[in-house]
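Taking it in order: structure first as structure tokens, then the write-up.
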Amino acid sequence: MTETNTPTALIMIFGATGDLAHRKLFPSLYRLYKKGRLTDRFAVLGVARRSLTLEEFQESVRKSIVEFTGEQDGLDEFASHFYYQSHDVTDSSSYIQLRELANKLDEHYGLEGNRLFYLAMAPEFFGTIGDHLKLDGLTDTAGYKRLVIEKPFGHDFESAQELNNRLRQAFSEEEIYRIDHYLGKAMVQNIQVIRFANALFEPLWNNRYISNIQVTSSETLGVEERGRYYEKSGALRDMVQNHMLQMVALLAMEPPIKLNTEEIRSEKVRALRSLRPMSQDEVNQYFVRGQYDEGTINGESVPGYRTEPMVDPESNTETYVAGKLVIDNFRWAGVPFYIRTGKRLGSKSTKIVVQFKDIPMNLYYNTDEKLTPNLLVIHIQPEEGVTLHLNAKKSGSGMKTTPVRLSTASKSIDRMNTPEAYEKLLYDSMRGDATNFTHWDEVALSWKFVDAISAVWENTKETTFPNYAAGSDGPQVADQLLEKDGFEWWPVENLEIDNC
Ligand code: NAD
């Protein structure tokens, strides 16, 4: 890892008039600039199809900063580093112009030939852009060249491998930064710290003391205008293949011998390799799916998935997935990892609940209440923090117990939280720290795991769809999945830090 605190780079954003650029990338770059993490030696070259003058593009950058950060200090100076080229990425001829502009900016700002190519575009263009960057000499540079690539990375293992082989013609594995924006979130990074910096947890982090782990990522939003993409993806590809499995890998991995990119990644890969593969017959025992019907969210009526724009009225696409993952190694044998994720649920929340086993002998059973298990709750969004659920003595006479919570929270508004992840990831990619990006081996293993499920689901029409109302906690089948093992989901609303 080459590390400098204030990296110089030409950041070339493909898709610079798009939603991601405006909502996340420009505001994140501005925050880095304000914090002094970008010196004056940087330039952003925006590329998109729309024809815009330089002034119009810089104005769009200024607008995005004001809208999404609420600040404008030093904005004119910041926006003066932004350049634009209207360019259809499928048109070979315009890459030469792009190279010339890149070389000029390099010289003008003293960028030492460092180039970050950020593909904030639909995935079907990733391969073409990669080919041209090499063929037309944009990757021929004296400094570093790195490719930052948005999800989805492929549609299944086969297409991901094809894309990877193509990109590898122009960039080495070390130069490819596959974004999983969950990995940019502070509390996801904090999983490592909680595990490896606390004498209290590490000895308990195994099947002797942990009964099960539950990872929940719920959204209140529906599919919005992404119907066309989502119909082909569904929750399994959109959330499980990447974010959910990444969180599981961080929770399950062995302690790395060092906290560096290679060691952490190789432990995550080993954790993913330990996931027990499912046969076709087992898929529906371990995984269940749901699709939202109409319902009410925050007092407003919302439509069912099948009536959303660009969605098939008979759609078989899942908007909810819950599953039980079995990790076949010494540490985790017998400990189920449950995951669930879905759209149009009652609350927006990403949380991990580590449920500890009951103590060997309960001296307090003769009181009227059963002891609540100890829980470690890692709040990822919208709140960020950790809560430890313990039992203490109830005040008053007698020896009754009562659950108590120890919490540390850094409350964040979600809108501020999300760009923050991109800010970290952009900064890391400029510094050459790939720890919080996904390695090809992780992508490959995750796709293979998920492909086994989609192979079954795509070929069987789910007759119960839609099977949960918008605004509910999801389909009943998700509850039954845990009931079979004698567990239940910890209701997210009861775990909020605010309820302490
Ligand atoms: P978008 O549709 O808003 O923007 C697409 C951009 O690509 C526009 O700038 C458009 O001009 C450009 N473009 C399209 N065809 C082009 C062509 N032939 N030549 C040149 N430019 C072309 O998309 P988005 O929401 O910004 O998403 C971009 C990528 O980021 C996608 O891969 C998406 O899955 C991923 N992503 C987006 C978000 C988000 O919050 N928007 C979050 C996570 C991942």
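Points worth noting:
- Condition check for Tyr83: open to solvent by less than 60 Å² (accessible area, probe 1.4 Å), of a type in the set (Ser, Thr, Tyr), touching a strand residue (DSSP E or B) at 6+ places or on another chain (Cβ under 6 Å) and within 14 Å of the ligand (Cβ to nearest atom): no
- Restricted to region 348-368, and to residues there that are within 18 Å of the chain's Cα centre (by Cα) and of a type outside the set (Val, Ile, Thr), the residue that is farthest from Thr401 (Cα to Cα) is Lys348.
- Taking the criterion of being at pLDDT below 85 and either among the hydroxyl-bearing types (Ser, Thr, Tyr) or closer than 28 Å to Gly184 by Cβ (or both), the residues of region 396-408 that qualify are Ser397, Thr401.
- Being of a type in the set (Gly, Ala, Ser) and either in a strand (DSSP E or B) or away from the ligand (no atom under 16 Å from the Cβ) (or both) is a property that Gly154 lacks.
- Hits in region 86-120 - residues which are in a loop (DSSP other than H, G, I, E, B) and either more than 16 Å from the ligand (Cβ to nearest atom) or modelled with pLDDT of 95 or more (or both): Gly110, Leu111, Glu112, Gly113, Asn114, Ala120
- Residues that are more than 30 Å from Glu462 (Cβ to Cβ) and buried (at least 21 other Cβ atoms within 10 Å of the Cβ), drawn from region 333-361: Val354
- Against the list (1) modelled with pLDDT under 95; (2) not in a helix (DSSP H, G or I), the condition Tyr177 fails is (1).
- Within region 322-341, residues that are farther than 21 Å from Ala452 by Cα reach partners that are open to solvent by less than 10 Å² (accessible area, probe 1.4 Å) and among the polar types (S, T, N, Q) with beta carbons closer than 9 Å, at six or more positions or on different chains, in the pairs Val335/Asn212.
- Test: residue in region 32-45 that is within 16 Å of the ligand (Cβ to nearest atom) and at pLDDT 95 or above: yes
- Residues that are among the hydroxyl-bearing types (Ser, Thr, Tyr) and crowded, with 17+ Cβ neighbours inside 10 Å within region 165-219 comprise Tyr177, Tyr182, Ser211, Thr216, Ser217, Ser218, listed in sequence order.
The values are calculated or read from the model by the stated rules, or taken from the named source; none is laboratory data. Being a predicted model, the structure only gives us computed values, none of them experimental. Note that we place each Cβ from the backbone using ideal geometry, even for glycine, and neighbour counts take in every protein chain shown. All accessible areas refer to the heavy atoms of the entire protein, side chains included, with ligands and DNA or RNA removed. Shrake-Rupley method; radii C 1.70, N 1.55, O 1.52, S 1.80 Å.
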